[in-house]
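I have placed the structure first, in the form of structure tokens, so that the comments after it can refer back to it.
The values are calculated or read from the model by the stated rules, or taken from the named source; none is laboratory data. As the structure is a prediction and not an experimental result, all values here were calculated from the model. Every residue, glycine among them, receives a Cβ derived from its backbone with ideal geometry; neighbour counts consider all protein chains shown. Areas reflect the complete protein model, heavy atoms only, side chains present, ligands, DNA and RNA absent. Shrake-Rupley method; radii C 1.70, N 1.55, O 1.52, S 1.80 Å.
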Amino acid sequence: MTFVKECIEDSLPIWEACLDTSFLRQLADGTLPEELFKGYIIDDSLYLMAYTKVFAMGILKAESMEEIRAYYSLLSFVSEAEDATRAYYLERYGLRDEDVQKLPLRPENQAYVDTMTEAVANAPGPAECFMACLPCMLSYEWIFAELVKRFPKAKDTVYGRFVNDYTGNFYDKLKGGWYDFAEKSCRNLTPARQKNCRAIFRKCSEHELKFWEMSARARACFS
């Protein structure tokens, strides 16, 4: 089993718990109150802004064009595919990106961002950065693939556009490139760095679960 696959297998019980959160169960069957999804879109927007800064930190430390292209691919998906969907829902809820960016991060969101930032700031190479960034991307792919298997009509709800972002061939192709680069970056690591990378991946997966749990609670601040 490859190193990244080992990390994924270790986190699968956490991802399964994500899928079992009330937020995703209700999103799947279309019963999720839109006020909760509105809060999620706000929190996700704030998270993605910090997420792109993590990529920027990685790019500053990059030692090859291959590494830069890997970060750019991640950034392109966030700023193009995901951003288009975010913009659709922001408009639906009468929100403007510039106003959302002024809002505070909820504690669970801030803790996640802090974990990623710390992992990259202290990283001696790209492996740690990718271990911090990939749980978000890979868990979404797994979660929404499983969600659609269990709830085929999830794409037919008001949240269908959101679900589609993570279940298409385009996302699957991009995910494969990120996976391959992460695998290459983790090859021949010292035992100490392997242990640290596993810990980073699992910790960020745990933050994903906390983010979904947070999203099931109404957001107090919308403006």
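Listed conditions (1) at pLDDT 85 or above; (2) open to solvent by less than 80 Å² (accessible area, probe 1.4 Å); (3) within 26 Å of Leu19 (Cβ to Cβ) are all met by Thr167, apart from (1). Contact map, the stretch 142-165: first residue within 13 Å of Leu24 (Cβ to Cβ), second residue among the aliphatic types (A, V, I, L, M) and not in a helix (DSSP H, G or I), Cβ cut-off under 9 Å, separation 6 or more or different chains; pairs are Thr157/Leu32; Tyr159/Leu32.
Each row is one residue, and each column tells you yes or no for (1) part of a helix (DSSP H, G or I); (2) buried (at least 21 other Cβ atoms within 10 Å of the Cβ); (3) among the hydrophobic types (A, V, I, L, M, F, W, C); (4) at pLDDT below 95.
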| site | (1), (2), (3), (4) |
| --- | --- |
| Ala132 | yes, yes, yes, yes |
| Lys184 | yes, no, no, yes |
| Gln194 | yes, no, no, yes |
| Phe201 | yes, yes, yes, no |
| Lys210 | yes, no, no, no |
| Ser223 | no, no, no, yes |
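Residues in the stretch 141-152 that are in a helix (DSSP H, G or I) and open to solvent by 10 Å² or more (accessible area, probe 1.4 Å): Glu141, Trp142, Ala145, Glu146, Val148, Lys149, Arg150, Pro152.
Within the stretch 18-41, the set of residues being open to solvent by 40 Å² or more (accessible area, probe 1.4 Å) and part of a helix (DSSP H, G or I) comprises Ser22, Arg25, Gln26, Asp29, Glu34, Glu35. Residues that are in a helix (DSSP H, G or I) and open to solvent by less than 40 Å² (accessible area, probe 1.4 Å) within the stretch 112-124 comprise Tyr112, Val113, Thr115, Met116, Ala119, Val120, listed in sequence order. Only one of the numbered conditions (1) open to solvent by 60 Å² or more (accessible area, probe 1.4 Å); (2) under 19 Å from Phe211 (Cα atoms); (3) aromatic (Phe, Trp, Tyr) is violated by Tyr72, and that is (2).
Among the candidates Leu105, Leu90, the residue that is part of a helix (DSSP H, G or I) and within 19 Å of the chain's Cα centre (by Cα) is uniquely Leu90. Within the stretch 38-55, residues that are farther than 17 Å from Ala132 by Cα reach partners that are among the aromatic types (Phe, Trp, Tyr) and assigned to a helix (DSSP H, G or I) with beta carbons closer than 8 Å, at six or more positions or on different chains, in the pairs Lys38/Tyr89; Tyr40/Phe23; Ile41/Tyr89; Asp43/Phe211.
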